[in-house]
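Chemist: Please find one structure pasted underneath; my questions will follow.
The values are calculated or read from the model by the stated rules, or taken from the named source; none is laboratory data. The model shown is predicted, which means the values in this text are computed figures rather than measured ones. Don't worry about glycine lacking a Cβ; one is built from the backbone with ideal geometry, like all the others, and counts go over all protein chains shown.
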Amino acid sequence: MLTAKETYQAILSGIEIANNNYLDMTGGWSISQSGPESLISAAVAKSLYDAGCEKDERCFVSLETGFKMLRDLSGKSGERGRIPTLLKNGQRADIVYWHKRDFPIGIVEVKRQFGYSNLSKDVDRSAKLIEKYGVLNKGTFRWAAFAATRDREEEIDNDAGCMNEEAEEVFRTTLEDFMEKSKSAYPEFKFQGGIRINSKDWDGYRYWQCGYAVVMTPKSR
């Protein structure tokens, strides 16, 4: 089974692929500027699938899967009680990682722009999903993850081949802020993640793209 680190590294690889492909297709626009989240979802889903296959894990990946199906296949379909509003019919998970094809293990929620304010609702929904339908409550869900981007563009300076420290610090502190707020709001979960910064030159500009991936898992009781 993929570890948390292997999971977020696979997500980062998918984000990087999506960003670079979109920059090529559009002639210089990044996904965070104008692209649809579905481009990230498709690339991340493929990257997760490939990562699972490399570990000889019988896995499948689906996109835009309804939470009703996920509830029904989580091993707790017959349980009575109130269903959290964020998990009711009509709500969908961007990406679902399945064991074989039998039951869901994890979900990934995707956003164009990374930040706690953009993802707070997704973090809350994921926490409720794992609490009610997770492995610590006789369900199947083991993790949830969040994928998003940020970018910066600048005119190419042939004497400077690296990003300025101020811009890189903004990328890193955005992740730190997300981690701090998530851990404070949901102390019963572990949050692990990272960023991947890469650049692509196009038409006299250098585009710095930062992919973000964070995995949340329940702490053992």
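Chemist: Answer yes or no: is there a residue in the range 176-189 that is under 30 Å from Thr140 (Cβ atoms), touching a Lys or Arg at 6+ places or on another chain (Cβ under 7 Å) and crowded, with 19+ Cβ neighbours inside 10 Å.
Modeler: yes
Chemist: Next question, about the same structure. How do the pairs read when you match residues in the range 114-142 that are within 22 Å of Asp177 (Cα to Cα) with residues anywhere that are surrounded by fewer than 21 Cβ atoms within 10 Å (Cβ to Cβ) and aromatic (Phe, Trp, Tyr), using Cβ under 6 Å and keeping only pairs 6 or more apart or on different chains?
Modeler: Cβ pairs passing all conditions: Ala127/Tyr186.
Chemist: List every residue pair whose Cβ atoms sit under 6 Å apart, with the two residues 6 or more apart in sequence or on different chains, where the first one lies in the range 64-84 and is within 15 Å of Gly134 (Cβ to Cβ) and assigned to a loop (DSSP other than H, G, I, E, B) and the second, anywhere, is β-branched (Val, Ile, Thr) and modelled with pLDDT of 60 or more.
Modeler: Ser74/Thr140; Gly75/Thr140
Chemist: Still on this structure, please answer the following. Restricting attention to the range 102-127, which residues are assigned to a helix (DSSP H, G or I), farther than 12 Å from Leu70 by Cβ and among the basic types (Lys, Arg)?
Modeler: Listed by number, the list holds a single entry, Lys121.
A quick yes/no check of all residues on (1) at pLDDT below 95; (2) surrounded by 15 or more Cβ atoms within 10 Å (Cβ to Cβ); (3) under 30 Å from Glu165 (Cα atoms):
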| position | (1), (2), (3) |
| --- | --- |
| Lys76 | yes, yes, no |
| Arg82 | yes, no, no |
| Asn89 | yes, no, no |
| Tyr97 | no, yes, no |
| Arg125 | yes, yes, no |
| Asn137 | yes, yes, no |
| Trp143 | no, yes, no |
| Ala147 | no, yes, yes |
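Chemist: Limited to the range 24-35, what total is found for residues that are in a helix (DSSP H, G or I) and either at pLDDT below 85 or over 12 Å from Asp201 (Cα atoms) (or both)?
Modeler: Selection size over the range 24-35: 6.
Chemist: Of the conditions (1) closer than 24 Å to Ala18 by Cβ; (2) at pLDDT 95 or above, Phe189 satisfies every one except a single condition; which number is it?
Modeler: So Phe189 meets the others, but not (1).
Chemist: Tally time: how many residues in the range 165-197 are without any contact (Cβ under 8 Å) to a residue 12 or more places away in the chain, within 16 Å of Ala148 (Cα to Cα) and hydroxyl-bearing (Ser, Thr, Tyr)?
Modeler: 1
Chemist: Can you work out which of the residues in the range 174-206 that are part of a strand (DSSP E or B) and aliphatic (A, V, I, L, M) is nearest to the chain's Cα centre (by Cα)?
Modeler: Here the answer is Ile195.
Chemist: Say we look at the range 198-221 and pick out the residues that are crowded, with 18+ Cβ neighbours inside 10 Å, modelled with pLDDT of 85 or more and touching an Asp or Glu at 6+ places or on another chain (Cβ under 8 Å); which of these is nearest to Arg152 (Cα to Cα)?
Modeler: Among them, the one singled out is Gln209.
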